[in-house]
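These notes are about the structure you will find just below.
The values are calculated or read from the model by the stated rules, or taken from the named source; none is laboratory data. In this text the structure is predicted, and so the values were computed from the model without any measurement. Using ideal geometry, Cβ is built from the backbone for each residue, glycine included, and neighbour counts are taken over all protein chains shown.
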Amino acid sequence: MSEAIAAELCAAIGAAHVTAGAQVAERYRRDIMGKYEAAPAFLVQPVSTGEVSAIVRIAARHGLPITVIGGQTGTVGGAVPADGGIALSLERMNRIEEIDTVSMAMTLEAGCILQLAQEAAEAQGAFLPLDLGSRGSATIGGTIGANAGGNRVLRWGMMREMVTGLEVVLADGTVVSSLTKAIKDNAGYNWKQLLIGSEGTLGIVTRAVLRLRPNPLTNQTALVAVSSFDKVIRLLRDLEVRLGGQLSSFELMWGDFYEAMTAAQLPARPRPMPTGHPFYVLVERLGGDPEGDFSQFERLLAAALEDGAIDDAVIAQSERERQALWAVREDMVRGIAAFRPFTVYDVSMALANMPRFVADARARVEGGFPGARMIFYGHAGDGNLHIIIHVGPDGQRHEQAVERLIYEAVRAVGGSIAAEHGIGQSRRQFIGMTRSDEELELMRRLKAALDPQSILNPGKVLPPA
Ligand SMILES: Cc1cc2nc3c(=O)[nH]c(=O)nc-3n(C[C@H](O)[C@H](O)[C@H](O)COP(=O)(O)OP(=O)(O)OC[C@H]3O[C@@H](n4cnc5c(N)ncnc54)[C@H](O)[C@@H]3O)c2cc1C
């Protein structure tokens, strides 16, 4: 049977692009967290939408699971293929087809790496605002599949706000293509928005049109120390107004996160400011006035220091210093090594509820696991918190118990267990903690309508029956 399927796949896309079973490299079988591993029957690497459609038709005919893999940087095991299924990589579909600086739109294939898309836009004087720590490996298809957020959501929104056109292959191999550059399109149901963030379970994105913006002319980045959460919120609102809508990033770090990250980066990278403050915020403004922006930014922070709104501030004076400030937040591999084994959370809530959530989550975890270490940080401007938790050397054994404690605290403030990283497989048994039965039933109906055989990325998103 599997030889017959292999022959069909080879006939559809060429034998050079079909890899069988044991030959499939680890990066296509494992997730970045090292938590899930699978044994797919085939890895296929098509070069066109037509080839993707042919592969899906073969999978549908044989009832074979098919999982599309992007950069495999998702943290929830969403792109790990099914045992015995097809792993589909779009890495050969990585072309940037057009950058239209009149309509401010970029048409590209789903396998393109995010950073390459950003750089290509910049080379044409345009700007693709989506930005994540994983930019060097995450793909356009993966960021659409996951509806990625990142560092600039505050100003430009998540991936769903940047997609105007989409081409997808449905579960029966049908190609639906609407590569429009128009921002407005209220002609009927917005099926694109349904596909965005569906984690490869409703369709496979093959091409997209992304909205671009004019390239900012200036950037100012600062690390700011703040003494209370109330002051953090006041600073956020103040900067939103006073920077005329140009505040682009507002990354909040609790004092213990800052301490852990900067300690791990020593001595290679000296601390930009001392430890001991309750909160640190990485603030970035992308502006348009080379003559006035920097001095206005400096004046605003000086005034905030003067009237006690903030306790300290370091403003980057060069691109090198800017990168060093961002590294405090983004150099995670080094920063959290001391927390291994750890679990990572990505939750959201109304900003006003964040302090209550943090206190409650700490109390629940420390109550259940005395000596646990937890650090909090996140895209606070969007109500998005990340948490890293170490409960001991045998932490992996307690993972589900810790998850439940955190998600109970999220439920208590009416938040979501998945702000931007999705559900994948690691969170699917918890999705009902912040989604109602009716919502889950609606999701099941949508899935059944679009993928009646459940061949697209099975075992992800929806809870086990
Ligand atoms: C250091 C680090 C920092 C991160 N920072 C952020 C952040 O700030 N914000 C954020 O949102 N995420 C962040 N992430 C998570 C991750 O990078 C994003 O979810 C990203 O969108 C995944 O892209 P990918 O190409 O790696 O997709 P994968 O991990 O390969 O896939 C993710 C999901 O999308 C599906 N998928 C992949 N390609 C397609 C396609 N063509 N069509 C349909 N579905 C598809 C997969 O099946 C899977 O379910 C971070 C991860 C790391 C490791």
Check: What is the residue count in the range 182-202 for residues that are on the phi < 0 side of the Ramachandran plot and within 16 Å of the ligand (Cβ to nearest atom)?
Finding: 9
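Please count how many residues of the range 118-152 are outside any loop (DSSP other than H, G, I, E, B) and either touching a Phe, Trp or Tyr at 6+ places or on another chain (Cβ under 7 Å) or of a type outside the set (V, I, T) (or both). Step through it out loud before you land on a result.
Of all residues in the range 118-152, those outside any loop (DSSP other than H, G, I, E, B) come to 118-123, 126-127, 131, 139-145, 150.
Then drop every residue that is not either touching a Phe, Trp or Tyr at 6+ places or on another chain (Cβ under 7 Å) or of a type outside the set (V, I, T) (or both), which leaves 118-123, 126-127, 131, 141-142, 145, 150.
Selection size over the range 118-152: 13.
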Next item on the list: Give A79, A105, A120 a once-over and let me know the one that is modelled with pLDDT of 95 or more, out of contact with any helix residue (DSSP H, G or I) (no Cβ under 9 Å at 6 or more places or on another chain) and either within 14 Å of the ligand (Cβ to nearest atom) or under 30 Å from L450 (Cα atoms) (or both).
Entry: A105
Item checked: Selection within the range 414-430 - more than 14 Å from the ligand (Cβ to nearest atom), surrounded by 15 or more Cβ atoms within 10 Å (Cβ to Cβ) and not in a loop (DSSP other than H, G, I, E, B) -> F430
Item checked: Answer residue from the range 14-31, given it is surrounded by 18 or more Cβ atoms within 10 Å (Cβ to Cβ) and within 16 Å of the ligand (Cβ to nearest atom) and is farthest from V68 (Cα to Cα) among those -> V24
Note to self: Considering only residues that are farther than 28 Å from F342 by Cα and among the hydroxyl-bearing types (S, T, Y), which ones fall in the range 1-39?
What the structure shows: S2, T19
Margin query: Considering only residues that are within 11 Å of the ligand (Cβ to nearest atom), closer than 13 Å to R211 by Cβ and not in a strand (DSSP E or B), which ones fall in the range 153-179?
Written below: M158, M159
Checklist line | From I55, I32, residue being in a helix (DSSP H, G or I) and outside the structural domain of T343 (by TED's automatic domain parsing) | finding: I55
